[in-house]
Amino acid sequence: MKLHEYQSKQLFSQHGIPIPRGRVAMTASEARSIAEELGGRAVIKAQVLVGGRGKAGGIRLADSPEEAEELATQVLGMRIKGLPVRKVLVDEAAEIQTEIYLAVTNDRAARLPVLIASTAGGVEIEEVARRDPGKLSRVWVDPFLGLREYQARNLAASMELPRQLWSEFAHIAGGLFKTFLGTDATLAEINPLVITKASHLLALDGKIVLDDNALFRHPELAEWRDVDEEAPAEREARKYGLSYVKLDGDIGCMVNGAGLAMATMDVIKSLGGEPANFLDVGGGAPAEKVAAALQIILSDPNVRSVMLNIFGGITRCDEVARGILIALEGVKREVPMVIRLVGTNELEGRQILAEADLPTAATLSEAAELAIAASRVRAVR
Ligand code: GDP
Ligand code: MN
């Protein structure tokens, strides 16, 4: 579960991290009065659960309460990456000297939390990692010992942070680590953490992703869930217990098993296609679940073909095939589909699908090739 910027900053503040003064507004006139309280200059920030709001025009600087009202009107009418903006954060505008990146996440390979920092902050960190990996500094933290002062200082030194900021930085890094651990987060990120013109550190943006499996330990945080702001497809997927992640490609994927889903996406990519999503329908996969999964995949307008890759182990392929047919009854079949069905009773399963005029494939690569070809045919039309 993702938290909004204003929620993340509230948690940061509880852990001693300095944040700008400010409050959330639901209307433009509220934004105006908050700007007045802040002394006129304010930054208006769209509260949506996606990154890159700045680039999308969702972060605007106002010089006066009147301008704050005007900009809030614009931002509150926006959609960012498909999500409607219903709230804005009105913060005291900061005078920025340098933007820093600071985050805590889990390093699965090291089996430890890792603190990542960079003086190339502000922009997307994946971009920095790709272009200039030397600009990232890391320190691994033993969760039972917590972040030690010397570790934070080592990080500050390797980032070449001015020495007079080291103790402020150590305090913020310690607070961020405690926030991460205390909320059972999988990510706690400040981007940017800025050096102000007055040479202090200030957390201007905040992002926290909580581990859904640990949410039961944090009922007060679970209440912060903002269903209005979640992508509708992801909301639907959660309802049916499906793991769905939307991606940018055009080949919809429905697979049983997370590992097989990953392998399927790899094969599609290696053959020159781009998956539109990750979707694991899980084991057993009753018709109702398959139908919901198909609806979710087809709700993405980028999808030009769909590939189903189902391995029938305990569930028999003929059952799966009947499930697919039942699932397809309520679904418009405008988008071509390719089904790869292997495992117990696969011949019977394929027979059932063939009788219903559904193309099947014997191997994973054959299925991927057919799905890619089908997506291109539609793209040309
Ligand atoms: P994001 O685009 O969703 O990551 O939103 P951010 O909160 O990180 O804001 C994007 C960028 O807007 C930051 O990197 C800053 O450059 C700029 N920005 C945000 N708040 C302020 C502010 O108070 N003053 C100034 N001058 N710029 C700001
Ligand atoms: Mn940011």
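Derivation of every value follows stated rules applied to the coordinates shown; laboratory data play no part. The structure presented is a predicted model; accordingly, all values stated were derived computationally and were not measured. All Cβ positions, even for glycine, are placed from backbone atoms using ideal geometry, and neighbour counts span all protein chains on display.
Numbers at a glance
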read-out: Rounded to 10°, Cα long-axis angle of helix 28-37 versus longest principal axis of the chain; value: 30 degrees
read-out: Principal-axis tilt of helix 317-329 within the chain, Cα atoms, nearest 10 degrees; value: 70 degrees
read-out: Cα-based shape type of the stretch 340-381, given that a ≥ b ≥ c are square roots of the gyration tensor eigenvalues and the cut on a/c is 1.5; value: oblate
read-out: Top of VAL331, VAL141, VAL281 by mean-square fluctuation, Gaussian network on the chain, Cα under 10 Å; value: VAL331
read-out: Exposure proxy order (Cβ contacts within 10 Å, fewest to most) of VAL320, VAL245; value: VAL245, VAL320
read-out: Shape category assigned to the stretch 154-257 from the gyration tensor of Cα positions, a/c cut at 1.5; value: prolate
read-out: Qualifying GluC sites (Glu not before Pro) for the stretch 322-381 [loop in DSSP, other Cβ within 10 Å: at most 10]; value: GLU334
read-out: Using a Förster distance of 51 Å, the FRET efficiency for SER64-TRP140 (Cβ separation, nearest 0.05); value: 0.60
read-out: For VAL85, VAL227, order by how many other beta-carbon atoms lie within 10 Å, fewest first; value: VAL227, VAL85
read-out: Calculated FRET value between GLU36 and GLU223, using beta carbons and R₀ = 30 Å, to 0.05; value: 0.50
read-out: Unit Cα scatterers, Debye sum, the stretch 3-128: log10 I(q)/I(0) for q = 0.09, 0.13 Å⁻¹; value: -0.29, -0.58
read-out: Loop-resident sites, the stretch 94-136, for trypsin sites (Lys or Arg not before Pro), counting at most 15 other Cβ within 10 Å (DSSP); value: ARG108, ARG111
read-out: Per-residue Cβ neighbour rank within 10 angstrom, fewest leading, ASP132, ASP300; value: ASP132, ASP300
read-out: Of LYS135/LYS239; LYS207/LYS332; LYS178/LYS289; LYS9/LYS239; LYS81/LYS239, pairs whose Cα-Cα distance is over 32 Å; value: LYS135/LYS239; LYS207/LYS332; LYS178/LYS289
read-out: As computed over the stretch 232-380, the Cα convex hull volume per residue (Å³); value: 92 Å³
read-out: Pair ASN213, ASP248: separation of 7 Å Cα→Cβ label points (nm); value: 3.0 nm
read-out: Estimated inter-spin distance, GLN295 and LYS239, nm [label 7 Å along Cα→Cβ]; value: 0.6 nm
read-out: Nearest 10 degrees, 0 to 90: helix 258-270 Cα axis against the chain principal axis; value: 90 degrees
read-out: Between the stretch 288-335 and the stretch 191-241, the Cα center-to-center distance that results, in Å; value: 32 Å
read-out: GLN10-ASP107 FRET efficiency (beta carbon distance; Förster radius 25 Å; 0.05 resolution); value: 0.40
read-out: Cα coordinate range in the stretch 88-162, projected on the principal axes (Å, largest first); value: 38, 30, 28
read-out: Paramagnetic reach from TYR150 in the stretch 80-113 [backbone N under 20 Å; point 7 Å along Cα→Cβ]; value: 113
read-out: Debye-sum result for the stretch 21-92 in log10 I(q)/I(0), which assumes one identical scatterer on each alpha carbon, at q = 0.11, 0.15, 0.23 Å⁻¹; value: -0.20, -0.37, -0.86
read-out: Extension gain (nm, one decimal) between VAL331 and ARG376, 0.36 nm per residue minus Cα-Cα; value: 14.0 nm
read-out: For the chain, the spread of Cα positions along each principal axis, largest first, Å; value: 73, 47, 41
read-out: Length-normalised contact order of the chain in % [C-alpha pairs under 8 Å, at least 6 apart]; value: 13 percent
read-out: Mean Cα-pair separation over length for the stretch 232-380, i.e. relative contact order, pairs under 8 Å, 6 or more apart, %; value: 25 percent
read-out: The stretch 96-222 - Rg and Dmax from Cα coordinates, angstrom; value: 14.3, 42
